[in-house]
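Only one structure is covered here, and it is reproduced in the block below.
A short reminder: the numbers here are calculations on the coordinates, not readings from a lab. Because the structure is a prediction, the values reported are computed rather than measured. Don't worry about glycine lacking a Cβ; one is built from the backbone with ideal geometry, like all the others, and counts go over all protein chains shown.
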Amino acid sequence: MKKIIAGNWKMFKDPEQTRAFFKSWKSQAMNLSNEVVFFPPTLCLEAAAQELKGTAVRWGCQNAYFQAQGAFTGENSPQVVKAMGGHYILLGHSERRQFFSETDEIIAKKAQFAQSLDLVAMVCIGETLQERDQNKTNSVLKSQLASCLAFKPVASKLVIAYEPVWAIGTGRVAQPEQVAEAHALIKSVLESLGLSGVSVLYGGSVKADNCVTLAGLPGVDGFLVGGASLEVESFLPIASVKFTN
Ligand code: PGA
């Protein structure tokens with residue numbers, strides 16, 4: 001299974017800071033065995049594309065619409081992401097769901113359109129703390145997967161990121177058994193949908209000091225990293241982690 005380490009920069013960094021980061025990254029972090037993907041803010045993608053051109057480092061957009069162009073003020077065209085050299089679209093992050101009212105149905109449409117352009121759709125799913133406390137984790141994950149993947153995706157252009165909402169940006173990483181259990185469930189749902197070979201990443205307060213343990217868990221094929229992806233020093237140990245599962 002392909003191992004992928006993704007950095008989600010959210011709405012941090014400007015183009016100058018983006019260039020500085022990648023110059024430093026290129027001098028320290030080439031030839032990693034894991035695939036490394038960055039999701040800089042949209043306004044920094046041109047800087048990222050220029051800096052990463054000709055390298056094996058992948059990049060993508062944190063959100064893109066399900067149309068190539070048109071009267072959709074404020075949206076991002078996945079066709080332009082593709083033309084600029086991007087490979088990924090991040091979809092369904094809990095912050096998009098929470099602050100921008102993204103539903104599973106919209107995420108499915110965006111994922112389908114991204115795949116139709118040969119882009120990889122990285123689809124995020126995960127339960128809230130309330131849902132976990134009410135023992136609804138499994139049903140929430142199953143339902144999100146069924147709805148987000150209702151369009152019959154192409155397995156080779158799909159990545160799932162399991163991000164328990166309560167672990168994002170909180171410093172509260174999920175317990176190893178919770179991660180292993182969720183990943184096993186996600187893998188079995190993917191199998192039942194006929195999707196094999198799909199990497200399943202864990203996200204939520206991944207740091208240098210917990211990534212080795214997480215990388216040894218069955219079913220964990222990589223990480224989606226927020227805060228710790230903003231500095232080369234904090235992201236490099238995670239990007240270079242060896243998966244022993
Ligand atoms: P975090 O964010 O690593 O800062 O918890 C993860 C994410 O939002 O993808």
Self-check item: Within the chain: Cβ-based charge dipole about Cα centre, in debye rounded to nearest 20 (Lys, Arg +1; Asp, Glu -1)
Solution: 440 debye
Practice problem: Count the net charge of all other residues whose Cβ sits under 9 Å from the Cβ of C148, scoring Lys and Arg as +1 and Asp and Glu as -1. | Solution: -2
Quiz item: Among L145, Q130, V165, whose Cα sits farthest toward the positive end of the charge dipole of segment 127-180 (+1 at Cβ of Lys/Arg, -1 at Cβ of Asp/Glu, about the Cα centre)?
Solution: L145
Self-check item: Computed over the chain: relative contact order in percent, which uses C-alpha pairs under 8 Å that are six or more apart
Solution: 20 percent
Quiz item: So how far, in whole Å, is the C-alpha centre of segment 151-190 from the one of segment 31-60?
Solution: 23 Å
Self-check item: Debye log10 I(q)/I(0) at q = 0.13, 0.17 Å⁻¹ for segment 3-110, Cα point scatterers
Solution: -0.49, -0.82
Quiz item: So what's the net charge close to R96: Lys and Arg +1, Asp and Glu -1, counting the other residues with Cβ under 14 Å from its Cβ?
Solution: -2
Practice problem: Please list the radius of gyration and Dmax for segment 155-245, considering alpha-carbon atoms only, with Å as the unit. | Solution: 12.8, 40
Exercise. Let me have the 222 nm mean residue ellipticity of the chain computed from DSSP H runs of 4+ only, each contributing -39500 (n - 2.57), with the sum over all residues rounded to the nearest 500.
Key: -11000 deg cm²/dmol
Quiz item: If you take the charge dipole of the chain about its Cα centre, with +1 on Lys and Arg Cβ and -1 on Asp and Glu Cβ, which of L201, F235, M84 is farthest toward its positive end?
Solution: M84
Quiz prompt | Whole-Å semi-axes of the ellipsoid equivalent to the chain (Cα gyration tensor, √5λ, descending) | solution = 25, 22, 16
Quiz item: Tally Lys/Arg at +1 and Asp/Glu at -1 over every other residue whose Cβ is under 9 Å from the Cβ of L119; what's the total?
Solution: +1
